[in-house]
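*Asks:* The structure that follows is given in the form of structure tokens.
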Amino acid sequence: DQQVKQNSPSLSVQEGRISILNCDYTNSMFDYFLWYKKYPAEGPTFLISISSIKDKNEDGRFTVFLNKSAKHLSLHIVPSQPGDSAVYFCAATFTSGTYKYIFGTGTRLKVLA
Amino acid sequence: DAGVIQSPRHEVTEMGQEVTLRCKPISGHDYLFWYRQTMMRGLELLIYFNNNVPIDDSGMPEDRFSAKMPNASFSTLKIQPSEPRDSAVYFCASSLGRDYAGNEQFFGPGTRLTVL
């Protein structure tokens, strides 16, 4: 049972345009969400996070939006750069109880120069 | 800081053999996680430790998998006997506490395991 889903395995975007990566979750008890970026032959690295008490968090070119009623979050990258080409994983967790991240299957982003 | 260190980076073995993956977390981190990455299931948490004690091993797929953390600077994940379906990339990660104001998990480079 996949509690965190990334339904788009891949996405291609032109350099300078907006990239939008989507993530859906099923467990309404999740109260903290994260995005990780992964380059080939490297481990994932933390990108940005959001608490369930917010609906938006921004860090430079990266913005995460959370829609709790739809159990949906998205990552916006504006403007997209070739160096953003990577696999992006969303993750959900709980701020109390067991400390475990539930990751999605990832979306491979390719930014075309 | 050297980050999370994993060894070996690549492992090729034959079905039925024992495989041991190793991890050195970032010094001072008190949480250690083992993940497995596959195309179908993405990143799955196998087990995590807090202060060297296993806290949640509900993700360990079966008894063939075991993990230990004998001290704060070393952990192993062992598969015995290995099977072709265990082929995946295995990641180790560590974090400092669980204060969500920035204590994210830091991942190692992973071990790519191939079981023939």
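The values are calculated or read from the model by the stated rules, or taken from the named source; none is laboratory data. Only a predicted model underlies this, so the values are computations on that prediction, with no experimental measurement involved. Quick reminder, even Gly has a Cβ in these numbers, built from the backbone with ideal geometry, and neighbours come from all protein chains shown. Protein only, heavy atoms only, side chains kept; ligands, DNA and RNA dropped before computing areas. Shrake-Rupley method; radii C 1.70, N 1.55, O 1.52, S 1.80 Å.
*Asks:* Can you confirm whether residue A:91 is among the small types (Gly, Ala, Ser), out of contact with any Ser or Thr (no Cβ under 6 Å at 6 or more places or on another chain) and under 24 Å from residue B:6 (Cβ atoms)?
*Replies:* In short, yes.
*Asks:* Check B:36, B:22, B:64 and return the single one that is of a type outside the set (A, V, I, L, M, F, W, C) and more than 10 Å from the chain's Cα centre (by Cα).
*Replies:* After applying the criteria, what remains is B:64.
*Asks:* Of all strands (runs of 3 or more DSSP E) completely enclosed by region A:1-69, which ones contain at least 3 residues that are surrounded by 14 or more Cβ atoms within 10 Å (Cβ to Cβ)?
*Replies:* The strands (runs of 3 or more DSSP E) meeting that bar are A:19-25, A:32-38, A:45-51, A:62-67.
*Asks:* Residue under question is residue B:57, and the condition is that it be under 22 Å from residue B:104 (Cα atoms), among the acidic types (Asp, Glu) and either modelled with pLDDT of 95 or more or surrounded by fewer than 16 Cβ atoms within 10 Å (Cβ to Cβ) (or both); does it hold?
*Replies:* yes
*Asks:* Scan region B:36-63 for residues that are outside any loop (DSSP other than H, G, I, E, B), of a type outside the set (Phe, Trp, Tyr) and within 11 Å of another protein chain (Cβ to nearest Cβ) and jot them down.
*Replies:* Result: B:36, B:37, B:38, B:42, B:43, B:44, B:45, B:46, B:47, B:50, B:55, B:56.
*Asks:* Examine region A:77-84 for a residue that is in a strand (DSSP E or B) and within 12 Å of chain B (Cβ to nearest Cβ), and state whether such a residue exists.
*Replies:* no
*Asks:* Quickly run through region B:1-35 and pick out the residues that are within 14 Å of another protein chain (Cβ to nearest Cβ) and not in a loop (DSSP other than H, G, I, E, B).
*Replies:* Of everything in region B:1-35, those that are within 14 Å of another protein chain (Cβ to nearest Cβ) and not in a loop (DSSP other than H, G, I, E, B) turn out to be B:5, B:6, B:7, B:10, B:21, B:23, B:24, B:31, B:32, B:33, B:34, B:35.
*Asks:* Just checking, does region A:103-110 include any residue being part of a strand (DSSP E or B) and basic (Lys, Arg)?
*Replies:* Scanning region A:103-110 turns up at least one residue that is part of a strand (DSSP E or B) and basic (Lys, Arg).
*Asks:* Residues to consider are A:60, A:104; find the one that is small (Gly, Ala, Ser) and over 12 Å from the mean Cα position of the chain (by Cα).
*Replies:* Every option except A:60 fails the conditions.
For every residue, the table says whether it meets (1) aliphatic (A, V, I, L, M); (2) open to solvent by 50 Å² or more (accessible area, probe 1.4 Å); (3) within 28 Å of residue A:6 (Cβ to Cβ); (4) in contact with a strand residue (DSSP E or B) (Cβ under 7 Å, 6 or more places away or on another chain).
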{"residue": "B:26", "(1), (2), (3), (4)": "yes, no, yes, yes"}
{"residue": "B:46", "(1), (2), (3), (4)": "yes, no, yes, yes"}
{"residue": "B:65", "(1), (2), (3), (4)": "no, no, yes, yes"}
{"residue": "B:75", "(1), (2), (3), (4)": "no, no, no, yes"}
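*Asks:* Report yes if some residue within region B:85-102 is closer than 17 Å to residue A:43 by Cβ, open to solvent by 30 Å² or more (accessible area, probe 1.4 Å) and either within 11 Å of chain A (Cβ to nearest Cβ) or more than 14 Å from the chain's Cα centre (by Cα) (or both); otherwise report no.
*Replies:* Yes, there is a match, as at least one residue in region B:85-102 is closer than 17 Å to residue A:43 by Cβ, open to solvent by 30 Å² or more (accessible area, probe 1.4 Å) and either within 11 Å of chain A (Cβ to nearest Cβ) or more than 14 Å from the chain's Cα centre (by Cα) (or both).
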